[in-house]
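Q: Dropping the structure in here first, questions after.
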Amino acid sequence: MEMAERNSTTPILQRSSVALGMPVELGRIDTELKKLWQENEGATRACLINLAVYSEAPDSLEKNTQLVAQIAENHACRAIVIAADCQAKESHVEAWISAHCHLPRAGSKQICSEQLSFRLQGPCTTLLPSIVFSHLDSDLPFYLWWQDNLPEKMDPQLWAWVDRLIYDSQTWKDVGTQMKLVSCPSPLFLRTPRRSKNSGSRLVCGTTIGLPL
């Protein structure tokens with residue numbers, strides 16, 4: 001399938017690719033996303049949920065981009081993919097934008113899901129809430145896929161926005177402690193999550209088996 005050509009300002013709309021897309025300044029993400037769709041009129045943007053994926057693994061950004069590409073084929077979303085290096089001495093943030101596209105049928109427009117990618121360095125958990133809040137798509141349900149140990153302390157406002165938490169216990173170093181954090185009720189989840197307009201569910205805790213959706 002032919003994809004939109006890239007010029008100096010427009011990232012390629014991608015299918016089956018692990019490329020992160022076009023580097024952008026944090027303050028220009030919304031502007032560049034609007035420009036992306038204006039310059040790719042043959043594609044239709046689709047979004048049913050917000051999906052944030054958080055990992056501290058060194059190579060997670062590329063791997064999770066590939067996972068999001070697979071998920072987006074069946075679940076239109078705005079993906080916020082975050083790779084964090086919390087041990088770095090200096091704080092630094094990098095960002096990219098891209099879109100994962102597929103053809104639902106021959107002759108139709110490409111259906112595309114946006115992806116915003118972030119690489120955080122430094123005291124990462126302090127940056128996470130503002131990055132997530134700033135880039136959620138309207139009032140759609142918010143799924144958070146947490147791929148590392150759950151922190152004992154996290155900004156309560158972040159958890160208040162989560163409609164569904166997805167976690168993978170295979171990476172946990174202390175399963176007993178982590179299970180206490182995800183057992184409801186838990187101090188981590190005492191805040192009542194907001195109810196999105198398009199979701200009738202509250203916070204749901206679950207493990208990942210294959211793709212999480």
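Q: Would you list 47, 112 from fewest to most Cβ contacts within 10 Å?
A: By the 10 Å Cβ count, ascending: 47, 112.
Q: In addition: What do the square roots of 5 times the Cα gyration tensor eigenvalues come to for the stretch 27-157, in whole Å, largest first, as semi-axes of the equivalent ellipsoid?
A: Values for the stretch 27-157, descending: 28, 15, 14 Å.
Q: Sorting 28, 164 on the 10 Å Cβ count, fewest up front, what's the list?
A: 28, 164
Q: Also, I was wondering about something else. List the aspartates and glutamates whose Cα lies under 12 Å from the Cα of residue 180, skipping any in the same chain that are fewer than 8 positions away.
A: 152
Q: List the aspartates and glutamates whose Cα lies under 18 Å from the Cα of residue 153, skipping any in the same chain that are fewer than 8 positions away.
A: Within reach: 56, 85, 174.
Q: Still on this structure: Determine which lysines satisfy two conditions relative to residue 34: a Cα distance under 23 Å, and not lying fewer than 8 residues away in the same chain.
A: Cross-link targets: 109.
Q: What is the sum of charges around residue 77, taking Lys and Arg as +1, Asp and Glu as -1, for the other residues whose C-beta is under 13 Å from the C-beta of residue 77?
A: For residues surrounding residue 77, the net value is -1.
A short reminder: the numbers here are calculations on the coordinates, not readings from a lab. Keep in mind it's a predicted model, so treat the numbers as computed, not measured. Virtual Cβ from ideal backbone geometry, glycine too; neighbours counted across all protein chains shown.
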